[in-house]
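FYI, it's all coordinate maths here, none of it is from the lab. The structure presented is a predicted model; accordingly, all values stated were derived computationally and were not measured. Neighbour counts run over all protein chains shown; Cβ positions are idealised from the backbone, glycine included.
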Amino acid sequence: MRNDEVSSVKSSRLVVTVAQLANLLAAIDATIVNVAMPTIAKNLGAPLHLVGWVITSYTLALTITLLVMARLGDILGRARLFSFGFALFTFGSALCALTTGIEMLIVSRLIQGVGAASLLANGNALIAEYTEGKARGFALGLNSTVVNSGYSLGYIIGGLLVSLADWRWIFTINIPIGIIAQIICMRALPSVRKQDCQGTPFMQRFDVQGAVYSSLALGLCFFSFGHEGGGSGTVLVRIALAAGGVCALVLFLRRQRNASHPLLNLGLFRGAGFSVGIFTLFLYTQVFASCSFLFPFYLQGVQGVNPRDVGFMLAPYSIVMSVVAPLTGAWSVRLNPGKLAAGGFLLALAVIVFYSFFHATSPLWWLVAGQFFLGLAAALFLSPNRVAVMSSVSQEHLGTASGLMQVVRFLGLSVGTMVSSSVISGVLAPYGGLKGLPGVKGSSSQAVDAFIMGQRSIFIIMACLLFFGALLSIRRASSHMHTSGES
């Protein structure tokens, strides 16, 4: 192997390493604060209505700026925006650690979220740009392992740091990691490539109006999906927010169709690999969100499982997916990714149908076994789907594709959680809400029966989504075979 080839391999490995480090940090910070919230609220003397914003502000800033950061990466260079993301994320972490009040902490978390958006929008695009073939499939598949590990580690690290040290350490640990990542970026990432349209003024290349419309659409939809509470007033607020989001979305799409340099190139959706991949990702993440929401309540409120054991019972999902996802990502390069994705949907469909028959005294090992197969289904779908989407676009649109996938994932999680919480809140409302669940294994009450019926209804809805996703994936597999045959 020539020296330039060895150097290229080393560089691509460093790119993958630093990109996955970014995914890990962003995932950890999405959950690490949850465990520390009671301690933070007590230490800062924060009112309850502001405490939730410490979590929400991060997710909100991340969601509404993902497309903007992705497009900026395509224009200014993904390496530059990726490095900027680490700098901003580290700066936001330092501000969080130095905060003296809840308002400052919320603003600091907003800064963190924007930095995380720049990392997520450009990290996977860099992987796709500087790897190819089986190495690209494995690296993109590894993303599922890293993100799920990050979510789990966030809870664990947050609990340990709050127990053993001051809560500010959950943010302080990001600072040395961010500095090290910046050093790796300087070594691994080449200078920004000159763009074909570099002679065009920046304000003509970046669609400011489209960025405003997209931020409004995502922000209003985010609040609509995440608005909590009960009663007709809450329903009206949700409807108003959703309507505003739809109007902003219509304006955004109209703008993208007419803009000379759109924030989101709608022509990308003409390809089946891209459009089907994006839509099926939206469907699948709703199923994951529904299970994540329902099972802690089912296990604790209906089956009487100790809270410390719930995480272990749900862990097989993350463990199996973390192990298998890199492999399915690599397989998707030589196998039909549509077939793998369809297999994942069909396996998940079988598990969800199985879950729909659960009752108040179903054996707990059934749920654990289902989590094992759901993890396998997720690995079969998510990694090949990510490879298919990223491989279906040209290099100049890799950042946009990466950012859009992240946006769709967050929206799917929000919609799935909203649907599940709305159904469960509705069926338990006559029985005092979640407080009506006895939390004793084998107990029978109207609240338990209502919860089981609500859970079953949600699983039926999710089964329909999975069936539709399987049909789309099968169609994509047939299209892929037809295209391969022609070539």
Farthest towards the positive end of the dipole of the chain, among Ala360, Ala36, Phe345 and with Cβ unit charges of +1 on Lys and Arg and -1 on Asp and Glu, lies the Cα of Phe345
Between region 246-312 and region 344-396, the alpha-carbon center distance in angstrom: 14
Which whole-number percent is the relative contact order of the chain (Cα, under 8 Å, 6+ apart)? 22
Leading residue at positive end of dipole, the chain (Cβ point charges), from Ser152, Tyr298, Met104: Ser152
Relative to the present Cα-Cα distance, how much length would full extension add between Ser362 and Ile156 at 0.36 nm per residue of separation? 71.3 nm
Are there GluC sites (Glu not before Pro) in region 97-184 that DSSP puts in a loop and that have at most 16 other Cβ atoms within 10 Å, and which ones? Glu132
Give me the angle, in degrees from 0 to 90, between the Cα long axis of helix 102-130 and the longest principal axis of the Cα atoms of the chain, rounded to the nearest 10. 50
Is the C-alpha gyration tensor of region 95-159 telling us rounded, prolate or oblate? Criteria: a/c under 1.5 is rounded; beyond that, a/b larger than b/c is prolate, otherwise oblate. oblate
Got the relative contact order for region 264-481 handy, in percent, Cα pairs under 8 Å and 6 or more residues apart? 41
Gap separating the Cα centres of region 80-105 and region 145-163, nearest whole Å: 19
Packing-ranked peptide list from 392-398, 19-25, 117-123, 265-271, highest mean Cβ count within 10 angstrom first, is 117-123, 19-25, 392-398, 265-271
Rounded to the nearest 500, what is the chain's calculated 222 nm mean residue ellipticity when only DSSP H runs of at least 4 contribute -39500 (n - 2.57) each, over all residues? -28500 deg cm²/dmol
Mind checking the dipole of the chain: about its Cα centre, +1 per Lys or Arg Cβ, -1 per Asp or Glu Cβ, Debye to the nearest 20? 520
Full-extension gain in nm, Ile55 to Ala87, via 0.36 nm per residue minus C-alpha separation: 9.4 nm
Between beta-carbons, use under 15 Å as the cut-off and find the net charge around Met321, counting Lys and Arg +1, Asp and Glu -1. +2
So, relative contact order of region 1-189 in percent, Cα under 8 Å, 6 or more apart, is 38
Is the shape of region 237-321 rounded, prolate or oblate, going by the alpha carbon gyration tensor and its root eigenvalues a ≥ b ≥ c, with a/c under 1.5 for rounded and a/b larger than b/c for prolate? oblate
